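Enquirer: Handing you this structure, nothing more for now.
Read-outs throughout are calculated quantities, based only on the coordinates presented, and are distinct from any laboratory measurement. This is a predicted model, so every value here is computed, not measured. Glycine gets a Cβ as well: all are built from the backbone with ideal geometry, and neighbour counts include every protein chain shown.
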Amino acid sequence: MYFHKDLHVTVSRAKVQPGKEQDYLAFRRDEILPQMCAWPGCIYSILLRDTAKENSWLLINAWQTSADLEKWQATPAEAALRAKARTILDGPLESVGAFTEVHL
């Protein structure tokens, strides 16, 4: 099995406005993922539903390098997605932190 090494991984929390969960899932599936995952250096994105907090999600995004992520974040496409997300989310994404993936 091949593993990417030293991936730059970001972890964020998202809280979706009540009643907009399906809108959020469709937005991630139909708009965010196709654009972000097509960007050079994007490796994967994982969405986890928080079972203890209603309307809460954990986002895990892996990039080949932090520079790849910074280039994506500087694009008009990412800015437009972030603006649309504000109409669905109940506040901005909360950064949990940035990490480096380690395989033993």
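Enquirer: Which trypsin sites (Lys or Arg not before Pro) does segment 26-97 hold that lie in a coil by DSSP with at most 13 other beta carbons within 10 Å?
Expert: Counting only loop positions with at most 13 other Cβ atoms within 10 Å, the trypsin sites (Lys or Arg not before Pro) in segment 26-97 are Lys53, Arg86.
Enquirer: While we're on this one: GluC sites (Glu not before Pro), restricted to segment 5-59: which are DSSP loop and have at most 16 other Cβ atoms within 10 Å?
Expert: Glu54
Enquirer: Anyone know which of Ala26, Ala52, Ala79 comes out most mobile in the 10 Å Cα GNM of the chain?
Expert: For the chain, modelled as a Gaussian network with Cα springs under 10 Å, the answer is Ala52.
Enquirer: Here's another thing I want to ask about it. What is the spin-label model distance, in nm, from Val96 to Ile60 if the labels are put 7 Å beyond Cα along the C-beta direction?
Expert: Label-label distance for Val96 and Ile60, simple model: 0.8 nm.
Enquirer: Which lysines, if any, have their Cα less than 19 Å from the Cα of Lys15, not counting same-chain residues under 8 positions apart?
Expert: Reachable lysines: Lys53, Lys84.
Enquirer: What are the residues whose amide H is under 5 Å from the amide H of Leu7, where those residues sit 5 or more places off or on another chain and H is modelled from the backbone?
Expert: Glu101
Enquirer: Which ordering of Leu69, Leu89, Leu48 is given by a fewest-first count of other beta-carbon atoms within 10 Å?
Expert: Least to most surrounded, the residues fall as Leu48, Leu89, Leu69.
Enquirer: Using alpha-carbon pairs under 8 Å, 6+ residues apart, how would you state the relative contact order of the chain in percent?
Expert: 48
Enquirer: Separate question: For all pairs of alpha-carbon atoms in segment 8-100, what percent lies in each bin of width 10 Å, listed from the first bin to the last filled one?
Expert: 16, 52, 29, 3
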